[in-house]
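Colleague: Take this structure first; my questions come after.
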Amino acid sequence: MKIDEIRTIVQLMSEHDLTEFKIEGEDMHLCIRRGGHAIVQNMLPQPSVVPTQERPTETKNSPVREETPKVENPVSKNTIDSPIVGTYYKAPSPEAESFVKVGSKVTPDTVVCIIEAMKVMNEIKAEKTGIIKEILVENAQPVEFGQPLFALE
């Protein structure tokens with residue numbers, strides 16, 4: 001592979017905000033990474049370490065500690081969350097009307113927004129029934145996987 005081809009790859013990675021590029025052939029192997037953070041994922045299960053510390057014994061006079069059950073955030077059940085990482089758009093084009101507004105009724109098949117990911121416009125459906133109570137993100141804002149986009153009544 002020529003240096004000009006590698007420069008072109010690096011330029012394309014920068015333009016499209018890619019962090020890693022790999023290409024393999026019979027006579028070569030090229031891996032280019034951008035940024036200072038590397039993600040290492042170990043696919044083998046790690047042995048768990050169990051502490052050998054003894055548990056204190058309870059006596060008649062010692063208070064009994066009951067663990068409080070974890071309460072899920074009630075908002076998470078009543079939200080429409082982003083299924084992907086990308087950029088949120090409230091309408092199909094800048095001049096067009098928003099897909100939904102506060103007070104809009106939605107069904108599971110209602111398109112509520114578009115999320116652009118890697119230059120692909122993905123229509124996001126509500127997948128729930130309800131009324132839009134609040135829009136939690138601004139137009140053209142980057143969103144993360146699982147981030148709440150809309151609060152439902």
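The values are calculated or read from the model by the stated rules, or taken from the named source; none is laboratory data. Fair warning: this is a prediction, and the values are worked out from it, not measured in the lab. Heads up, the Cβs are rebuilt from the backbone with ideal geometry, glycines too, and the neighbour counts pull from every protein chain shown.
Colleague: Does at least one position in the range 2-12 carry a residue that is of a type in the set (D, E, K, R), at pLDDT 75 or above and under 29 Å from F150 (Cα atoms)?
Modeller: Among the residues of the range 2-12, not one is of a type in the set (D, E, K, R), at pLDDT 75 or above and under 29 Å from F150 (Cα atoms), which makes the answer no.
Colleague: Return yes or no: is S76 within 16 Å of P148 (Cβ to Cβ), surrounded by 10 or more Cβ atoms within 10 Å (Cβ to Cβ) and modelled with pLDDT under 55?
Modeller: yes
Colleague: Please go through the range 104-153 and pick out each residue that is in contact (Cβ under 8 Å) with a residue 60 or more places away in the chain and part of a strand (DSSP E or B). Explain how you work it out, then say what you get.
Modeller: Within the range 104-153, the first condition is being in contact (Cβ under 8 Å) with a residue 60 or more places away in the chain, and the residues that meet it are 118-119, 143-153.
Listed by number, the residues that qualify are V143, P148, L149, F150, A151, L152.
Colleague: Further question: Anything in the range 88-109 that is surrounded by 12 or more Cβ atoms within 10 Å (Cβ to Cβ) and within 21 Å of the chain's Cα centre (by Cα)? List them, or say none.
Modeller: Hits for the range 88-109 are Y88, Y89, K90, A91.
Colleague: Specify which of the listed residues (V137, V143) is out of contact with any Ser or Thr (no Cβ under 8 Å at 6 or more places or on another chain) and closer than 27 Å to E15 by Cα.
Modeller: The unique qualifying residue is V137.
Colleague: Do the conditions hold for V85, that is, is it in contact with an Asp or Glu (Cβ under 8 Å, 6 or more places away or on another chain), of a type outside the set (G, A, S) and surrounded by 12 or more Cβ atoms within 10 Å (Cβ to Cβ)?
Modeller: Spelling it out, V85 is indeed in contact with an Asp or Glu (Cβ under 8 Å, 6 or more places away or on another chain), of a type outside the set (G, A, S) and surrounded by 12 or more Cβ atoms within 10 Å (Cβ to Cβ).
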